[in-house]
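> Okay, here's the structure, questions in a sec.
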């Protein structure tokens, strides 16, 4: 079966943020991203919701994560005590693409059949994953070409593959900062190369990706462990190392400086929310004990904002469908965008 997805309407011209925004005005779920009520042409930060959970292997629900994040974002107050007023750059989210959601449902049904023994379906499932990756790549590429910062909202982590490709073409030597409980470095999982468990392996196959800096990984296979130990482009700060620093009284600051110091000048930030302590996003599909606290995650983001690295785009994925999960993820998105804004040229 040949599958196609309609390209989203990405503004072609440069962003024109309005000058008369009132970030303190009341807002509701229909007010758009962060309650600002902007259309995409006004936004320097443009969010692309990707409602996709075709290959999830534990808890479902992340197909509704982008919607939960956008709706909960209206409850944030937008004056950040550290990063100032990122809202001035303008934020908007594209409408959720119904055809992506529909294809996710179709492919998820195929994955269920594959797990029941119809292994010949793997090629068809991977082909659908390639269609999604190409769609995300075109959307993120058009966003970057228009002078905007793309913000990909997932959905399972597989949605990030196309974003990495678009950024790597435009920023050769790209670094990916990956906050995640899982390494996502399997060559294939369940016979699928488009799996959420393989997204960082696919990133390593991109010519323009120079480094992947992994933070808080604590659940990995032998294959992934061996690759981390032998692949020079991977720099790992595993969760057990972070936990040891806490227990021994050394704290997180020294490690955070090392994490940021390992990044090249152009960085894509990829956050699977299960990289955080599970109390922060309990509805994520595959939670693992451990992870960064909220204070540690914010410290790392704030340090990145003060560094020489430039955030060219970001994704926040595996978000659960509840208000709380969406709210925490929205706060993290806003903080990351604030860090990106610190290095933006004025319009």
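The values are calculated or read from the model by the stated rules, or taken from the named source; none is laboratory data. Note that the structure is predicted; figures quoted are calculated from it, not measured. No Cβ is skipped: glycine too gets one built from the backbone with ideal geometry, and neighbour counts run over all protein chains shown.
> Go through segment 208-241 and give me each residue that's more than 28 Å from residue 54 (Cα to Cα), touching a residue at least 12 places away in the same chain (Cβ under 8 Å) and not in a strand (DSSP E or B).
Correct list: 231, 233, 240, 241.
> Can I ask one more? Just need a number here: residues in segment 208-241 that are surrounded by fewer than 19 Cβ atoms within 10 Å (Cβ to Cβ), within 28 Å of residue 131 (Cα to Cα) and out of contact with any helix residue (DSSP H, G or I) (no Cβ under 7 Å at 6 or more places or on another chain).
Final tally of qualifying residues: 4.
> Considering only residues that are free of Cβ contacts under 8 Å to residues at least 12 places away in the same chain and either buried (at least 17 other Cβ atoms within 10 Å of the Cβ) or on the phi < 0 side of the Ramachandran plot (or both), which ones fall in segment 242-260? Don't jump to the end; show me each part of the working.
Going residue by residue through segment 242-260, those that are free of Cβ contacts under 8 Å to residues at least 12 places away in the same chain are 244-251, 254.
Result: 244, 245, 246, 247, 248, 250, 254.
> Look through segment 266-306, keep the residues that are in a loop (DSSP other than H, G, I, E, B) and touching a strand residue (DSSP E or B) at 6+ places or on another chain (Cβ under 6 Å), and return whichever of them is nearest to residue 157 (Cα to Cα).
Residues of segment 266-306 in a loop (DSSP other than H, G, I, E, B): 277-291, 293, 306.
After this cut, where a residue has to be touching a strand residue (DSSP E or B) at 6+ places or on another chain (Cβ under 6 Å) as well, the list is 288, 291.
Values: 288: 16, 291: 17 Å.
So the residue we want is 288.
> Give 29, 18 a once-over and let me know the one that is at pLDDT below 85 and either closer than 29 Å to residue 108 by Cα or buried (at least 23 other Cβ atoms within 10 Å of the Cβ) (or both).
After ruling out the rest, the residue left standing is 29.
> Of the numbered conditions (1) closer than 22 Å to residue 331 by Cβ; (2) touching a helix residue (DSSP H, G or I) at 6+ places or on another chain (Cβ under 8 Å); (3) at pLDDT below 95, residue 72 fails exactly one; give the number of that condition.
(3)
> Further question: I need a count of the residues in segment 195-207 that are surrounded by fewer than 17 Cβ atoms within 10 Å (Cβ to Cβ) and not in a loop (DSSP other than H, G, I, E, B).
1
Rundown of residues vs (1) outside any loop (DSSP other than H, G, I, E, B); (2) out of contact with any strand residue (DSSP E or B) (no Cβ under 8 Å at 6 or more places or on another chain); (3) closer than 21 Å to residue 149 by Cβ, yes/no style:
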{"residue": "47", "(1), (2), (3)": "yes, no, yes"}
{"residue": "56", "(1), (2), (3)": "no, yes, no"}
{"residue": "60", "(1), (2), (3)": "no, yes, no"}
{"residue": "64", "(1), (2), (3)": "yes, yes, no"}
{"residue": "70", "(1), (2), (3)": "yes, no, yes"}
{"residue": "74", "(1), (2), (3)": "yes, yes, yes"}
{"residue": "77", "(1), (2), (3)": "no, yes, no"}
{"residue": "82", "(1), (2), (3)": "no, yes, yes"}
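> Sticking with this one: From the list 331, 343, exactly one residue is touching a residue at least 60 places away in the same chain (Cβ under 8 Å) and farther than 20 Å from residue 209 by Cα. Which is it?
The match here is 331.
> In this structure, is residue 123 within 24 Å of residue 18 (Cβ to Cβ), surrounded by fewer than 13 Cβ atoms within 10 Å (Cβ to Cβ) and without any contact (Cβ under 8 Å) to a residue 40 or more places away in the chain?
Answer is no for this residue.
Residues are listed down the side, and each one gets a yes or a no for (1) crowded, with 21+ Cβ neighbours inside 10 Å; (2) in a helix (DSSP H, G or I); (3) at pLDDT 95 or above:
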residue: 312; (1), (2), (3): yes, no, yes
residue: 315; (1), (2), (3): yes, no, yes
residue: 326; (1), (2), (3): yes, yes, yes
residue: 332; (1), (2), (3): yes, yes, yes
residue: 337; (1), (2), (3): yes, yes, yes
residue: 344; (1), (2), (3): no, no, no
